[in-house]
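Presented below is the structure to which this report refers.
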Amino acid sequence: MNSQSIVRLGVAAVVLLALAILLVLFLLASDLAFTVRDQLNETSPWVSITYIAVLAIFLIFSAIVIWRLLAPSGGKTVVPAPLDENKLRTDVDRHAATGIDVTGSRTELQELDRRRSDGQVYIALYGEISSGKTSLIRALVPEARAQEQAEVDVRGGTTRSVHRYTWRTQSGDELILADVPGFNEAGNRAPQTAHEEAVRAHLVVYVCDGDVTRNQWQDLEALQRYGKPMVVALNKGDRYQPQDLAQIQARIRERISAETPLVAVQAGGNEEIVRVLPDGREETVVRERAVSVESLVVALQNLLIERQELLGPLRDNAIILLAAGKLEHNLSDFRRRTADALVERYTRRAVVGGLAAFAPGADIIIQGALATSFVRALCELYEIPVRTVDLDKFLGAIKSRVGHSLPLILAIAGNALKAFPGLGTVVGGLTHAVAYGLLFQSLGRALVESLSTRGALDTRATTKAFEEKLRENLATRARELVVLALAEKKRDSNDSS
């Protein structure tokens, strides 16, 4: 018997079992129904009416619940719940008072206030360089040259900063079109400038001139995460045969949401062609391409009508997310730098404590006030509350790991000391001081990693990370701490003399 026959037999067995279960359930339900009918016949009519009424209400309620769960939304307009803008503004002021750079977040919030007050609808044209964004602006806004020179160059990458143009549609609407740099434009700020302006806009026209590449798709996904309404405009469609154009559109449609319009346009602009002269010579000339943007205009007008109630809240949420992201980035950078300084400071204190200890012992890292102060300082930096019970449990777990690792740490510290001429086989306080420095340094790095990624004092994760940090570059770190210990020892000798 082959594998296909076995699979068929298995499927047949499952089907037969399912049918048998359904038959049993039907018989049980029938028996129950007949029993209820017989009992109702023996009671008064009022009991029967009440019973049937309750059963009907239950069935109707069940049907409504199932319908609401399974029925499609039917295009009902749902305004997204706004993010906590007031909390963000409070956080910006609070973090600014501690010395964190909040310039980017404040700039975004000020821009949000400005755009709310002017009441304009902003549409950003976003895409790679040479995809035809500037040409599309000129096609939509013939007077763009008068507002600001909209240069078009066949080499691509002409737009170096954000240019805005006023577009008055045939229906009388006045919109602001933003021409942004290509997101693959050379330069440190160009891609970020393009992305941020697209996030701030009410609508985005994503301009491409062929199938969406992997990098383009990643940028498109980044905008979709903001819930940004957009139109995908496939430009330069006149370069393709009809069947090729249809295939490209089908591939793009597979990768965008069903709610996102996809249109084919010809933005005009310039193109280089090679002209053969009568004498056989060739020359390169630049000519203007044909213009066809009616489908884009219709798609934009439909979005403005269909999502009118959503455009403002979606724009506000996107800018607030952008401001919050900038605050989080600067806050993370500040915390990382401050945490590194704390690890260095407490590592030095551990070395000094080891040098000062008359009878060094392994428990200094756990039972001393230094370890408790160290953990509290890092938790306070990451704004993570820690109870005494949690702290004791955490330090207890670290102590058990130290007990297993201390002999190896002491051996590595001793070997590091031997590498320095004149020290010989120095043991005792200096060796323990280097060992304590390694333990505190590893503990600090494990804590920073856990607090920054998990947002909590996770005992299990941090102790695991602590064991891993203990094994990282032990010899190199031990030599660095020997230099630190010797410098501290020399300083103490100078002070005492």
Only one of Leu486, Leu451, Leu457 that is among the hydrophobic types (A, V, I, L, M, F, W, C), closer than 25 Å to Thr338 by Cβ and in a helix (DSSP H, G or I): Leu451
Test Val286 against the stated conditions and say whether it is touching a residue at least 60 places away in the same chain (Cβ under 8 Å), more than 19 Å from Leu125 (Cα to Cα) and over 22 Å from the mean Cα position of the chain (by Cα). yes
If you go through region 366-383 one residue at a time, do you hit one that is surrounded by 12 or more Cβ atoms within 10 Å (Cβ to Cβ), modelled with pLDDT of 90 or more and either outside any helix (DSSP H, G or I) or touching a Pro at 6+ places or on another chain (Cβ under 7 Å) (or both)? yes
Failed criterion for Gly429 (all others in (1) under 15 Å from Ala350 (Cβ atoms); (2) at pLDDT 75 or above hold): (2)
Complete set of residues in region 276-321 that are assigned to a loop (DSSP other than H, G, I, E, B) and charged (D, E, K, R): Asp279, Arg281, Arg289, Arg307
Pairing a residue in region 226-251 that is assigned by TED's automatic domain parsing to the domain that holds Gly132 with any residue that is part of a loop (DSSP other than H, G, I, E, B) and basic (Lys, Arg), where Cβ atoms lie under 8 Å and the two sit 6 or more apart in sequence or on different chains, gives Pro229/Arg307; Lys236/Arg289; Asp238/Arg289
Between a residue in region 470-481 that is under 16 Å from Arg348 (Cα atoms) and any residue that is crowded, with 21+ Cβ neighbours inside 10 Å and of a type in the set (S, T, N, Q), which pairs come within a Cβ distance under 8 Å, given they are 6 or more apart or on different chains? Arg477/Gln441; Leu481/Thr347; Leu481/Gln441
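The values are calculated or read from the model by the stated rules, or taken from the named source; none is laboratory data. No experiment lies behind these values; they were computed from the predicted model shown. Positions of Cβ are generated from backbone atoms using ideal geometry, with glycine treated the same way; all protein chains shown enter the neighbour counts.
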